[in-house]
1. Given Leu348, Leu332, which one is of a type outside the set (Phe, Trp, Tyr) and open to solvent by less than 70 Å² (accessible area, probe 1.4 Å)?
2. So is Ser162 part of a loop (DSSP other than H, G, I, E, B), open to solvent by less than 50 Å² (accessible area, probe 1.4 Å) and within 27 Å of Ala282 (Cβ to Cβ) or not?
3. So Glu14 fits all but one of (1) outside any helix (DSSP H, G or I); (2) open to solvent by 30 Å² or more (accessible area, probe 1.4 Å); what number is the exception?
4. Looking for something out of contact with any helix residue (DSSP H, G or I) (no Cβ under 6 Å at 6 or more places or on another chain) and hydrophobic (A, V, I, L, M, F, W, C) - is there at least one such residue anywhere in the range 186-194?
5. Looking at (1) at pLDDT 90 or above; (2) among the charged types (D, E, K, R); (3) surrounded by fewer than 22 Cβ atoms within 10 Å (Cβ to Cβ), which one does Glu235 not meet, given that it meets all the others?
6. So for the range 329-342 (the condition being under 30 Å from Gly213 (Cα atoms) and in contact with a strand residue (DSSP E or B) (Cβ under 6 Å, 6 or more places away or on another chain)), does at least one residue qualify?
7. Among the numbered conditions (1) within 16 Å of Leu151 (Cβ to Cβ); (2) open to solvent by 50 Å² or more (accessible area, probe 1.4 Å); (3) polar (S, T, N, Q), tell me where Ser106 comes up short.
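The values are calculated or read from the model by the stated rules, or taken from the named source; none is laboratory data. Keep in mind that this is a model prediction, so the values were computed, not measured. Here Cβ is always computed from backbone atoms with ideal geometry, including for glycine, and neighbour counts include all displayed protein chains. Note: areas computed on protein heavy atoms with side chains; ligands, DNA, RNA excluded. Shrake-Rupley method; radii C 1.70, N 1.55, O 1.52, S 1.80 Å.
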Amino acid sequence: LVGGLALWTHDLIEEAFFGILGNQLTSVLRAETSALDQWIKDEKSQLDYIAKDPRVVRYTEELLGAGESAENKIEAWLHSPAREELLEVGRTFTKTTNATAFHVISDRGEIVLSGSDTETGLTIHEHLADEVSAALRGRTVFVRPYRYEDLVDNQGGGSMYSFVLGPLRDPDGRIIATVARVQRGYGPNSLSHILEIVELGETGETYAFDRDGLMLTESRFTLELRQIGVLPPIEGSRGVWDAGSQLNMEVRDPGGDLLRGYEPELELAARPLTRLAALAVAARDKPDASNRRGVLLEPYRNYRGVEVVGAWEWLSEYGFGVATEVEAREALAPLRYLDVVFGALIVLLSVFVATSLLSLFSVTRLRRRVRELRELGPY
């Protein structure tokens, strides 16, 4: 009875512990996603404010008109007086909003205005066509971090940017172009920075990933990944530099703990997504928001091959998922202590029962012996 009661109590405590752990993971994830959502809304509001500035509208109309009436529209854009005026207005806004650049994009996807002469006239990459189209239909959209060379048809130096796109309307309300605020994808006031606000314990981290499992933010363990050779140095037009995990690491299961020297048998592209990432990507098209989030309390391997537990949510509005994970050894440590204590109690109980049974057996044998000794010969 005591043993049964102990096991029942253990199960209750274990169930309560997992409930608390799940709530803790979910709370951290919700805090991060709420901060992220508020940051993106602020970015959108700032862009809408810029797009409504009469100077921006007037100079953009002049710039577009100069290109339409010229044989070489790129030269016309570069030498139009409206360009300098618009760049000056843009510099004012980027200074006050901590952005890095201000662009104007035509309805054909051409960069009409850029602070760089070499970027003017370039075409936005085709995989951003949906975002540009949404802006031309009147929506203000956030675009997750991309490498520079993925934003425009040009070779870049490895820099990463996120940006906000929105419609630019003339005085009659017609959409004549798309405006963009470009922001570095790393450092202060970036997507990575927002998701670093809350860190859970010594091994907890929150990161974002796209539908292909590509990490959109910096890992907490980038230094470790460099040391074991998972993130080798990158060579580019600006020389050689240490690679970060952002846009260089995929959330895939290597099959074993990379930190303990495990060498994956499969190439990166052949490895499956981690269990968490696979669930998040599979849920991206579900209409009910409650089905686009979840908690995994049974340990699984993360992108480093380390067993973790975590919570996830797919943000359909922005087209990427967010995960909060913590190593299982840290998260489940109290449960191991509980198992040790209850194990010790069971052992003590077993010893007590065994001792009691042995004593009972000894007493029974002694009684039988006493009965035998009560008769001696004929007496």
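1. The unique qualifying residue is Leu332.
2. No, not satisfied.
3. (1)
4. Yes, the conditions are met somewhere in the range 186-194.
5. All conditions are met except number (1).
6. Scanning the range 329-342, I find at least one residue that is under 30 Å from Gly213 (Cα atoms) and in contact with a strand residue (DSSP E or B) (Cβ under 6 Å, 6 or more places away or on another chain), so the answer is yes.
7. (2)
The rows are residues; the columns are (1) assigned to a loop (DSSP other than H, G, I, E, B); (2) more than 17 Å from Gly90 (Cα to Cα); (3) hydrophobic (A, V, I, L, M, F, W, C); (4) at pLDDT below 85.
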| position | (1), (2), (3), (4) |
| --- | --- |
| Gly115 | yes, no, no, yes |
| His127 | no, yes, no, yes |
| Ser133 | no, yes, no, no |
| Val143 | no, yes, yes, no |
| Glu149 | no, yes, no, yes |
| Gly158 | yes, yes, no, yes |
| Pro167 | no, no, no, no |
